[in-house]
Each structure stands twice: as structure tokens, then as C-alpha cells.
1. Report, in whole Å, the centroid distance computed from the Cα atoms of the range 54-86 and the range 1-49.
2. What fraction of the DSSP beta bridges in the chain is antiparallel, stated in percent and rounded to the nearest 5?
3. Report, in deg cm²/dmol and to the nearest 500, the calculated mean residue ellipticity at 222 nm for the chain, where each DSSP H run with n ≥ 4 adds -39500 (n - 2.57) and the sum is divided by the residue count.
4. Using the beta-carbon distance between ASN6 and THR52 and R0 = 25 Å, what value does 1/(1 + (r/R0)^6) give for FRET efficiency, to the nearest 0.05?
5. Roughly how big is the chain's charge dipole about its Cα centre, with Cβ charges of +1 (Lys, Arg) and -1 (Asp, Glu), in debye to the nearest 20?
6. Going Cα to Cα from LYS37, which aspartates and glutamates come in below 17 Å? Please leave out same-chain ones fewer than 8 positions away.
7. Angle check, please: helix 23-39 long axis (alpha carbons) against the longest principal axis of the chain (alpha carbons), in degrees 0 to 90, nearest 10.
8. Could I have the simple spin-label model distance between ARG65 and LEU40, label points 7 Å from Cα toward Cβ, reported in nm to one decimal?
Amino acid sequence: MKHTKNHNQMKLDIQTIGVEMNDYLDRKIQNMIKKLKKILPDVNWMDVYLKTNEASVNTRTVVLRFGIPGADIVASDSGDRWKTLL
């Protein structure tokens, strides 16, 4: 499912596969953005991909793509808890 929001004049797209978007995940993403904006103030947009895979050892995957002037930055991580991944 795809969710599009504006966060402090920044376009935010959240795409989920096998994940139910809830208030907890929304708060974690908002907190992550606040911290990242201190480091990367020129971010114009951000794509967040959340995926679960029950067949894998690391059942949850997060992929972030940052739209900044120049080449985009992509970061990803897998694990078993959303709290530590975000």
C-alpha cells in the first residue's frame, strides 16, 4: 500500500508490502525524519519502503531513498524489530 504525505514541505512516500501502517510506525518514521533533517537539511523528498518476509531470518526490511541535489542516497537494513531498524 502506498501512503503519500507532506512533512514540513518535504514529499514523503511510504510504501508497504505485508505491513499494516499504524500510528507506531508513523511516529517512528516522523522521528527518524526529524533526526535525518539535522544531518541532511537539503532533502526534498523521501521514499520509505517497509516489507515483511516471514520466510527469512530477518523478517523486516526498510529501504530509504533520499532526494537531494545531485545523486540520490539509498540506505537499507533488515532485522526483526521496526524500532531498531527505523
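The values are calculated or read from the model by the stated rules, or taken from the named source; none is laboratory data. Because the structure is a prediction, the values reported are computed rather than measured. Positions of Cβ are generated from backbone atoms using ideal geometry, with glycine treated the same way; all protein chains shown enter the neighbour counts. Note: areas computed on protein heavy atoms with side chains; ligands, DNA, RNA excluded. Shrake-Rupley method; radii C 1.70, N 1.55, O 1.52, S 1.80 Å.
1. If you average the Cα positions of each part, the centres end up 12 Å apart.
2. So the antiparallel bridges in the chain amount to around 75 percent.
3. Helices in the chain give a 222 nm mean residue ellipticity of -7500 deg cm²/dmol.
4. Rounded to the nearest 0.05, the efficiency is 0.40.
5. 320 debye
6. Within reach: ASP13, ASP26, ASP47, ASP72.
7. 40 degrees
8. Going from the ARG65 label point to the LEU40 one covers 1.2 nm.
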